[in-house]
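A.B. asks: A single structure is presented below for examination.
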Amino acid sequence: MKAQILSLLAFFSLLGVYSQSLVSVTPLNDYSVSAVQSAVNSGGWSTANLLINPVKSYKITYNTTDAHGNNTVASGAVYIPQLSCTSAPLLVYEHGTEFVKTNVPSTGAYSDRGIYFSTSGYIAVLPDYLGLGDNQGIHLYQHAETEATATVDLLRAVREYLDTATNVPADNGELYITGYSHGGHSAMATLKYIQDNNLQNEFNVIATAPLSGAYDMVKAQYDMIFDGDSTYYASPFLPYILASFQEAYGNIYQNYSDIYDSPYDVNIENYLLAGTHTGFEWYFMLGGGNYYNFMQDSVLQNMLGDVNRDTHPINIALRANSLYNWVPQTPVKMLYCGSDSMVSPNNARYTLDSMVNLGATQVEALNLNNSADHNGCFLPATSYALTWFDSLATKCSYAGIENMDLIRVEVYPNPTSQFLSFKGLEDDSDLSVRVLSISGAVLFQERLRNNVLNVENLENGFYYVELLDENNSPVHQIKFVKQ
């Protein structure tokens, strides 16, 4: 009986932690349609085929846990589209490598990513990660578990806010996950954590698009960095990831001088503690891309002498945070480019091979541009991810009609076999509607009578229905399924 009581107490205690993730919400910015268009274009994306909605962004502080399971407070941001419907899917965007502690989503950095994914109808959630933003201590860079827990707990906090806020769409129960570079690793880590911890009922992940991430750090990324050539142009990643592993595991070094030559030992410690130096400043402080400049030769020799890469503490940590040897149960598309010399394309290739050999059936690795490098891959990868998500997501949009009174229109039943009924319109509304294929082709257009549309002649699949104004322009779009 005592054991049962203790179990119940533990259970309710756990519920209490989950139900109190949110600490505070602070408005960041309001983006009008014109501001959204400017931000998207400035980021390099095209708005030609993008559904544009105004967006509001907020800083979120929330409770989570650190690498040792201790309670801590972290920060992130949420970008909420101003929609004409009552619900929208959640989308996580995980940002790339960041050395400056304050250059994070919760301060307005990476706003172009938040706007890009949010404006077309997603509630976009952007974690800062542990050790960045409001969270104290060393940034836990490429540490899979805390990347995931920081993300999952931020999602919980955002849901708490959506449940209590007014004039914001609710979470519709769909979740999409993506991120670039370091964020690609974080995206994969988050999906794996959700699956490993049986959180699928809490987080209904529809699709995940990890972009140019180092999922296989013990082989693919390792071989690129330590390939017999002592130069690697992203050399600041090495002390950054080793500091993360030291924070998480405590067995990488006792003092900075144990692993770095002088004066780099002191400089690296100061840079890590300050959290104010850019990646370029790190690069020049370390003397460029030659890691033999700052790492002790004996450390490298011992690490590289571990033939199977499974006994040296650094190799053990890299193996523990690699994400190639498991089987995703939901669709995953790893997107990369063939000439990436920062994050090896083999990360996606080897991970695909490993997952397929383990039995995965819903995983792909797509080379989007064989001649593009790491920076050149960002736009095609993020554009592809959004297009793919759009083909799956249940979302709506009023297509950028600024200053319009937001109507709340939904269709039911959805899926439907014959009729779509419209909820939220006046009973005597006499509007034009048109139905589009998932690729955007107009299939037919007609007047809406009695707020009901007959779609029985459509083949089974996904479609959009749009409400049109008097100028025949779309003012509202809803995705539906014909079955």
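The values are calculated or read from the model by the stated rules, or taken from the named source; none is laboratory data. This structure is a prediction, so every number in the text was calculated from the model and none was measured. Don't worry about glycine lacking a Cβ; one is built from the backbone with ideal geometry, like all the others, and counts go over all protein chains shown.
A.B. asks: Could you list, ordered by first residue, the pairs with Cβ atoms under 6 Å in which the first is in region 440-468 and closer than 11 Å to L420 by Cα and the second is part of a strand (DSSP E or B) and of a type in the set (S, T, Y), at least 6 apart or interchain?
C.D. replies: From region 440-468, the pairs are V452/S421.
A.B. asks: Quick check: anything in region 345-367 in the same structural domain as F117 (by TED's automatic domain parsing), hydrophobic (A, V, I, L, M, F, W, C), in contact with a helix residue (DSSP H, G or I) (Cβ under 7 Å, 6 or more places away or on another chain) and modelled with pLDDT of 95 or more?
C.D. replies: Yes, the conditions are met somewhere in region 345-367.
A.B. asks: Something else now. From D196, D265, D227, D258, which residue is surrounded by fewer than 20 Cβ atoms within 10 Å (Cβ to Cβ), under 27 Å from the mean Cα position of the chain (by Cα) and acidic (D, E)?
C.D. replies: After applying the criteria, what remains is D196.
A.B. asks: Kindly evaluate L335 against the criterion of being in the same structural domain as S186 (by TED's automatic domain parsing), touching a strand residue (DSSP E or B) at 6+ places or on another chain (Cβ under 8 Å) and either farther than 30 Å from G114 by Cβ or surrounded by fewer than 19 Cβ atoms within 10 Å (Cβ to Cβ) (or both).
C.D. replies: It is false that L335 is in the same structural domain as S186 (by TED's automatic domain parsing), touching a strand residue (DSSP E or B) at 6+ places or on another chain (Cβ under 8 Å) and either farther than 30 Å from G114 by Cβ or surrounded by fewer than 19 Cβ atoms within 10 Å (Cβ to Cβ) (or both).
A.B. asks: Residues that are part of a loop (DSSP other than H, G, I, E, B), buried (at least 21 other Cβ atoms within 10 Å of the Cβ) and modelled with pLDDT of 95 or more: does region 385-405 have at least one?
C.D. replies: no
A.B. asks: Continuing with this model, one more query. Check L155, L162, L140, L132 and return the single one that is closer than 27 Å to C85 by Cβ and under 17 Å from the mean Cα position of the chain (by Cα).
C.D. replies: L155
A.B. asks: Which is over 16 Å from Q82 (Cα atoms), crowded, with 17+ Cβ neighbours inside 10 Å and assigned by TED's automatic domain parsing to the domain that holds D128, of T61, T26?
C.D. replies: T61
A.B. asks: Quick one: would you say Y324 is closer than 23 Å to T231 by Cβ and among the aromatic types (F, W, Y)? I'd like the intermediate steps shown before the answer.
C.D. replies: Values: closer than 23 Å to T231 by Cβ: no; among the aromatic types (F, W, Y): yes.
For Y324, the condition - closer than 23 Å to T231 by Cβ and among the aromatic types (F, W, Y) - is not met.
A.B. asks: Looking only at region 358-378, count how many residues are more than 21 Å from Y233 (Cβ to Cβ) and not in a strand (DSSP E or B).
C.D. replies: Qualifying residue count for the region: 5.
A.B. asks: Can you find a residue that is aromatic (F, W, Y), modelled with pLDDT of 95 or more and in contact with an Asp or Glu (Cβ under 9 Å, 6 or more places away or on another chain) anywhere in region 168-178?
C.D. replies: No, there is no match, as no residue in region 168-178 is aromatic (F, W, Y), modelled with pLDDT of 95 or more and in contact with an Asp or Glu (Cβ under 9 Å, 6 or more places away or on another chain).
A.B. asks: Show the residue pairs that are 6+ apart or on different chains and have beta-carbon atoms under 9 Å apart, the first residue being within region 103-114 and on the phi < 0 side of the Ramachandran plot, the second being of a type in the set (S, T, Y) and part of a helix (DSSP H, G or I).
C.D. replies: P105/S111; D112/S42; R113/T382
A.B. asks: Can you confirm whether region 108-116 contains a residue that is buried (at least 24 other Cβ atoms within 10 Å of the Cβ) and out of contact with any Leu (no Cβ under 9 Å at 6 or more places or on another chain)?
C.D. replies: yes
A.B. asks: Can you tell me how many residues within region 288-325 are under 30 Å from Q200 (Cβ atoms) and surrounded by 17 or more Cβ atoms within 10 Å (Cβ to Cβ)?
C.D. replies: Qualifying residue count, region 288-325: 8.
A.B. asks: For region 43-99, enumerate the residues that are hydroxyl-bearing (S, T, Y) and part of a loop (DSSP other than H, G, I, E, B).
C.D. replies: S46, T47, S84, T86, T97
A.B. asks: Residues that are touching a His at 6+ places or on another chain (Cβ under 8 Å) and within 22 Å of T164 (Cβ to Cβ): does region 79-88 have at least one?
C.D. replies: Scanning region 79-88, I find at least one residue that is touching a His at 6+ places or on another chain (Cβ under 8 Å) and within 22 Å of T164 (Cβ to Cβ), so the answer is yes.
A.B. asks: Looking at Y240, is it part of a helix (DSSP H, G or I) and under 26 Å from the mean Cα position of the chain (by Cα)?
C.D. replies: Yes.
A.B. asks: Right, another one. Could you check Y233 against (1) surrounded by fewer than 17 Cβ atoms within 10 Å (Cβ to Cβ); (2) hydroxyl-bearing (S, T, Y); (3) at pLDDT 95 or above and say which number it fails?
C.D. replies: In the conditions (1) surrounded by fewer than 17 Cβ atoms within 10 Å (Cβ to Cβ); (2) hydroxyl-bearing (S, T, Y); (3) at pLDDT 95 or above, Y233 misses (3) alone.
A.B. asks: Separate question: Could you tell me which residue of region 66-107 is surrounded by the fewest Cβ atoms within 10 Å (Cβ to Cβ), considering only residues that are of a type in the set (D, E, K, R) and in contact with a strand residue (DSSP E or B) (Cβ under 9 Å, 6 or more places away or on another chain)?
C.D. replies: Filtering region 66-107 for residues that are of a type in the set (D, E, K, R) and in contact with a strand residue (DSSP E or B) (Cβ under 9 Å, 6 or more places away or on another chain), the one surrounded by the fewest Cβ atoms within 10 Å (Cβ to Cβ) comes out as D66.
A.B. asks: On the given criteria, is V363 more than 23 Å from Q246 (Cβ to Cβ) and either crowded, with 17+ Cβ neighbours inside 10 Å or among the hydrophobic types (A, V, I, L, M, F, W, C) (or both)?
C.D. replies: yes
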